[in-house]
Each structure stands twice: as C-alpha cells, then as structure tokens.
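Data first, discussion second: the structure below is written as structure tokens.
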Amino acid sequence: MAGDNDSPGRLLIIGGAEDRCCGAGLLERFVELCGGEHARIVLITTAANAPDEVLAEYERVFRKLGVDYTTELRLHGRGDADSDDAADLLATATGVFFTGGDQSKLRTLIDSRINDVISARLAEGLVVAGTSAGATALGRTMILGGNGSDVSASAVRTGPGLGLVPQTLIDMHFGERGRLPRLLSGVAMAPEHLGIGLDENTGVLVENGGFEVLGSGVATVVDAEEATVVHPAGDYDPITLFGVRLHLLPAGCRFDFATRAPSIGPAHERY
C-alpha cells in the first residue's frame, strides 16, 4: 500500500478545482509521473454527475500535455467493477485518475476486483490520482458528507474507502468550504486516522512513506493519535478533544507517516 516504505507506487491526492489551463500544474505533474507522452491514463468517472463532460475536459487537458492515450472506465455497478474487461484495461495503464463528483457513487468499487487490481498495480509502480470526491475515496475511510460548525458525531458521515493510503481520512475543498470542524469530527471518531484536508488546486504526492505538498494552497494535517477524546451521549452534542496536533503545510513541505512529523522541504517549484 502507499505509505509503506517498500512500495514504489505513488499517489497524487488533489483537493479539487485543480488548474486545467494556465500551465495545468498538478495535472502536468501527474502526466510526468505517468510517463509523459508515453503515459497510458485510465480515467475513472464513476463519481461524476456529468461523466461525458468530465471525460471531454480531461481528455482535452491531457492531450494538451502530450498524452495520446486516455481512456475512460465508467463503472456503473459492482458487476462492472468485478469484470475482466475493467481488469484488463487497468493491466496496461501507467496512471489511473479518479474524477470528482459524488463520492457515494464510489462505494460500489470498495473491495471489488478493481480495488484489488489497483492496489496490486500500485505496489508495482502504477501512479494513482484522485481529485475532490476521488481524493477522499483513496483513504482507508472516506468522508461521504456532513457539515456544520461543531465538532460532533453528526458533523461528518464516513464509510469505507479504497484503502490505498492506510489510516488516513482525506477531506477536500478544505479552506474554501470551512471544513476543519468536519475533519476534526471525523478524526475524533477514529483517532488512529491521520486527517488530511486539502485546499483547492492543492495536492499531496504520496511516496516513500510520506508526502510532499504541491499546488497553490495548504494541506492541513490533523493528528489526534495522542489526544484525549471524550464522546458525549448525543450525536449532536460537542465532542471533548484535548491535545490535538494541527499542522498547516504549504507547497514544498513534507510529512512522514511513520514519525507523524512535518518538515520544511528544499525550495520547490509550486506545481
């Protein structure tokens, strides 16, 4: 799995609304990781509310970035996710990209054959990316919804994710939509999870047991591993939370999963 020190696989997790025109920074980095003009990208549009439009947009961007081969994998249900055709398509891909949309639609992929194939190929060097809804699905647990200004059980809804990044809870459109209470609520419900909140046009590149922050915004990390958590009787009552560690990491900063420690990396071009 990604995050393990012996895994060559890389994940690019994007907080949504990534730049698709002025240099296409995060997507350009994804294409480079996938092999540049030799990339073979499979676009999984299952979460998209208008998949034809989403497909056309990403095909345009990837073509502009020199990629001749982009194909769609539109999985309508569990039968598609367990099919030979889907597995065969992924067998030759150098990159897989999960689009945004409604993450609840991605639940049909959890523990499917496609999930297993992507996990296995990730360990072989496949590059996997997800944006917005496709980003939160990459963790062991994914956020399905929730809002509000309180830190409480009612402020977040979660379900199983694809498990490509172990023990993480990923939220997106983070600063723009004021989602710190939601992420804190999710982490309070599962303190062993590391919370990662990604601003728009901001991503983390996961490799070699940690990640580096890319893009124009901030990655917010919530670590409650050693915090004190007291749950109230009611789901709508506030959770008591002491000793939470909060890190704000702009582009160039790094985070180590094993030590749960952030660091300021060397000067880095802002993708």
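If you filter the stretch 165-174 down to residues that are surrounded by fewer than 24 Cβ atoms within 10 Å (Cβ to Cβ) and not polar (S, T, N, Q), you find that the one that is nearest to Ala135 (Cα to Cα) is His173. Taken over the stretch 94-107, the criterion of being surrounded by 17 or more Cβ atoms within 10 Å (Cβ to Cβ) and of a type in the set (S, T, N, Q) is satisfied by Thr94, Thr99, Gln103.
The number of residues in the stretch 149-183 that are polar (S, T, N, Q) and assigned to a strand (DSSP E or B) comes to 3. On inspection, Ala91 passes the criterion of being at pLDDT 95 or above, surrounded by fewer than 15 Cβ atoms within 10 Å (Cβ to Cβ) and touching a helix residue (DSSP H, G or I) at 6+ places or on another chain (Cβ under 9 Å). Of all residues in the stretch 16-75, those satisfying the criterion of being of a type in the set (A, V, I, L, M) and either free of Cβ contacts under 8 Å to residues at least 12 places away in the same chain or within 24 Å of Thr108 (Cα to Cα) (or both) are Ile41, Val42, Leu43, Ile44, Ala47, Ala48, Ala50, Val54, Leu55, Ala56, Leu73, Leu75. The residues of the stretch 202-211 that are of a type outside the set (Ser, Thr, Tyr) and surrounded by 21 or more Cβ atoms within 10 Å (Cβ to Cβ), listed by number, are Gly203, Val204, Leu205, Val206, Phe211.
Restricting the stretch 8-31 to residues that are under 18 Å from Gly252 (Cα atoms) and of a type in the set (Lys, Arg), the residue that is surrounded by the most Cβ atoms within 10 Å (Cβ to Cβ) is Arg10. Within the stretch 222-244, if we keep just the residues that are touching a Lys or Arg at 6+ places or on another chain (Cβ under 8 Å) and outside any loop (DSSP other than H, G, I, E, B), the residue that is surrounded by the fewest Cβ atoms within 10 Å (Cβ to Cβ) turns out to be Asp223. Within the stretch 67-81, the set of residues being buried (at least 17 other Cβ atoms within 10 Å of the Cβ) and within 18 Å of Gly163 (Cα to Cα) comprises just one member, Ala81. None of Gly178, Gly145, Gly161 is more than 25 Å from Glu207 (Cβ to Cβ), small (Gly, Ala, Ser) and within 17 Å of the chain's Cα centre (by Cα) except Gly145.
On inspection, Leu12 passes the criterion of being touching a Phe, Trp or Tyr at 6+ places or on another chain (Cβ under 6 Å) and either assigned to a strand (DSSP E or B) or more than 30 Å from Thr220 (Cα to Cα) (or both). Checking each residue in the stretch 185-215 for being farther than 16 Å from Gly139 by Cα and either touching a residue at least 60 places away in the same chain (Cβ under 8 Å) or of a type in the set (Phe, Trp, Tyr) (or both) picks out Asp199, Glu200, Asn201, Thr202, Asn208, Leu214, Gly215.
Only one entry of Gly130, Gly186 meets the criterion of being modelled with pLDDT of 95 or more, buried (at least 20 other Cβ atoms within 10 Å of the Cβ) and part of a strand (DSSP E or B), and that entry is Gly130.
Of everything in the stretch 101-116 that's assigned to a helix (DSSP H, G or I) and of a type in the set (Val, Ile, Thr), which residue is farthest from Gly16 (Cα to Cα)? Step by step, filter the stretch 101-116, then rank; the result is Ile114.
Look at (1) surrounded by fewer than 22 Cβ atoms within 10 Å (Cβ to Cβ); (2) out of contact with any Pro (no Cβ under 8 Å at 6 or more places or on another chain) and you find that Glu124 fails only one, number (2). Taken over the stretch 203-252, the criterion of being hydroxyl-bearing (Ser, Thr, Tyr) and out of contact with any Phe, Trp or Tyr (no Cβ under 8 Å at 6 or more places or on another chain) is satisfied by Ser216, Tyr236, Thr240.
The values are calculated or read from the model by the stated rules, or taken from the named source; none is laboratory data. In this text, all values refer to a predicted model and were calculated from it rather than measured experimentally. Positions of Cβ are backbone-derived with ideal geometry, glycine not excepted, and every protein chain shown enters the neighbour counts.
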